[in-house]
Amino acid sequence: MTRNSRSIIVAVKGVVLHQGTILIVQRAAADVIGAGSWECPGGKIEFGEGLEAALEREIAEETGLEVTVGEVLYAASFLTDPGRQVVIITYLCRSGENAVQLSEEHAAYKWCTRTELQELLPAGILAEFERSGVFTMAELL
C-alpha cells in the first residue's frame, strides 16, 4: 500500500437531548457502510469548517433540527478498511424541538430513553456511551 492510498476522515456526531430522550437515526438500506444500523446524527466536516459549525450543519441537513452544541463527550478512531481511518468527535447537543424531517441518508428516527438506546445502538457506540457517562446523565430518562 502506498502512502497516498490511505485517508483519514474526520466526522462529528451529536448526542441530541430533548426532554429526557436522545435522538438516534437509522442508516438507509442503500448505505455502503452500516446500512440499517442506528447511530447519532452527524457527518464529515468540510474543508475549512469548524467542528461545532459542521455538527450544526450536519444535524440540520439530516434531521431539520436546530441544536445548541455543548461539550465534547468522547472521541473515537477506527479503520473502516485497510486504507481508511475515521475519527469521530461526539458532542452533547440540546434541541428545543423534536419534529424531525429526515434526509434520504436515513430510513427512520427515534427519540430514545436509556433502555431503548441500549437495545438499538451497536456495541461500539454503546461502549463509548458507557465510558463517557451518557447513560448516567441525570437528564436522560
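Worth a mention:
- Where only DSSP H runs of four or more residues are counted, the chain gives -6000 deg cm²/dmol as its mean residue ellipticity at 222 nm, each run worth -39500 (n - 2.57).
- Residue of Glu58, Glu119, Glu39 that the Gaussian network model of the chain assigns the largest fluctuation, springs spanning Cα pairs under 10 Å: Glu119
- The distance separating the Cα centre of the stretch 1-52 from that of the stretch 77-141 comes to 10 Å.
- FRET efficiency for Ala127 and Leu102, using Cβ-Cβ distance with R0 set to 25 Å, rounded to 0.05: 0.45
- Computed over the stretch 5-110: relative contact order in percent, which uses C-alpha pairs under 8 Å that are six or more apart: 38
- Here the ratio of the Cα radius of gyration of the stretch 1-69 to 2.2 N^0.38 Å is 1.28.
- Gain upon complete extension [Ser37, Arg94; 0.36 nm per residue less C-alpha separation]: 18.3 nm
- Relative contact order of the stretch 51-90, pairs being alpha-carbon contacts under 8 Å that are 6 or more residues apart, as %: 28
- A crude spin-label estimate for the pair Thr136 and Glu49, with each label 7 Å from Cα along the Cβ direction, gives 3.4 nm.
- With one equal scatterer per alpha carbon and no solvent term, the Debye-computed log10 I(q)/I(0) for the stretch 77-141 at 0.12, 0.16, 0.29, 0.30 1/Å reads -0.43, -0.75, -1.33, -1.33.
- Charged-residue dipole, Cβ positions (Lys, Arg, Asp, Glu), the chain about Cα centre, Debye nearest 20: 480
- Heavy-atom surface of the chain, accessible at 1.4 Å and reported per residue (Å²): 54
- Accessible surface of the stretch 1-69 [probe 1.4 Å, protein heavy atoms]: carbon and sulfur percent: 52
- 20 °C / 1.002 mPa s Stokes-Einstein diffusion coefficient of the chain, Kirkwood radius on C-alpha pairs, µm²/s: 139
The values are calculated or read from the model by the stated rules, or taken from the named source; none is laboratory data. All values reported here derive from a predicted model rather than from experimental measurement. Cβ atoms come from the backbone with ideal geometry, glycine included; neighbour counts cover every protein chain shown. Ligands, DNA and RNA are excluded from the accessible area calculation, which covers all protein heavy atoms including side chains. Shrake-Rupley method; radii C 1.70, N 1.55, O 1.52, S 1.80 Å.
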